[in-house]
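All remarks here apply to the structure that follows.
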Amino acid sequence: MPPYRYSSLLPGPDSIRLLRLLPHKDRTAPIQCELFDYTLQEPSQGTHLYEALSYVWGGQEKPRSISIDGQDLPVTVNLHGALSHLRDHFFDRIIWADAVCINQTDLQERGHQVQSMAKIYGKANRVIVWLGDTADDSDRALEYIYLAAKQTTNPSSNQAIQQAIFAVLQRPWFRRIWVREPLFNNIP
């Protein structure tokens, strides 16, 4: 398969690319996508019908790939895992993921798009946080975090539960500075 070649973005300050994640019933099937230009300008101030993906790239190594318009684009293992998990069995899913939607080799585009990231995330219909594949009882930890949030008393002091929650909160996504500041600045 030939390598993917980006086309220029539409002119304008609010021009971005979105990823159409094509459905497949088999989670292990190769990931098929389409990229299309999109503008954030709209008469109303509401959200747009795309989901923004927040995740940790991992290393610079890109041992996996996805197919965009029949062309191969290398991606990190973590992004590949997120897209595999998010792919629906029957419906297209429209996602903004920085590593794919921004031409990483075009420094001018990348600089402009990075400056627009707050707007891109803010205009999204929903922001999806991908912490990675299940590990260290993370499913159990998230369940207990959810239950603790619903309780008016202190959550259980079970040592295994505390360790599972601690393991989830140690994941790389929580170490990102733009996550830590708004998330943890309000904690006494």
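Does residue 15 satisfy being of a type in the set (S, T, N, Q) and either in contact with a Gly (Cβ under 7 Å, 6 or more places away or on another chain) or over 18 Å from residue 119 (Cβ atoms) (or both)? No. For region 82-129, taking the residues that are of a type in the set (A, V, I, L, M, F, W, C), within 15 Å of residue 21 (Cβ to Cβ) and buried (at least 19 other Cβ atoms within 10 Å of the Cβ), the one that is modelled with the lowest pLDDT is identified as 124.
Residues that are surrounded by 14 or more Cβ atoms within 10 Å (Cβ to Cβ) and more than 17 Å from residue 78 (Cα to Cα) within region 130-142 comprise 137, 140, 141, 142, listed in sequence order. Where residues in region 37-56 are surrounded by 13 or more Cβ atoms within 10 Å (Cβ to Cβ) and more than 15 Å from the chain's Cα centre (by Cα), which of them is modelled with the lowest pLDDT? My answer is 48. All conditions but one from (1) assigned to a helix (DSSP H, G or I); (2) in contact with a strand residue (DSSP E or B) (Cβ under 6 Å, 6 or more places away or on another chain) apply to residue 125; the one that does not is (1). Of all residues in region 101-111, those satisfying the criterion of being assigned to a helix (DSSP H, G or I) and either free of Cβ contacts under 8 Å to residues at least 12 places away in the same chain or not assigned by TED's automatic domain parsing to the domain that holds residue 29 (or both) are 107, 108, 110, 111. Looking across region 14-36, just one residue is surrounded by fewer than 11 Cβ atoms within 10 Å (Cβ to Cβ) and among the hydroxyl-bearing types (Ser, Thr, Tyr), and that is 28. Inside region 9-43, can you point out the residues that are farther than 22 Å from residue 77 by Cβ, without any contact (Cβ under 8 Å) to a residue 24 or more places away in the chain and not acidic (Asp, Glu)? Within region 9-43, 11, 36, 38, 43 qualify.
The values are calculated or read from the model by the stated rules, or taken from the named source; none is laboratory data. The structure presented is a predicted model; accordingly, all values stated were derived computationally and were not measured. Cβ atoms come from the backbone with ideal geometry, glycine included; neighbour counts cover every protein chain shown.
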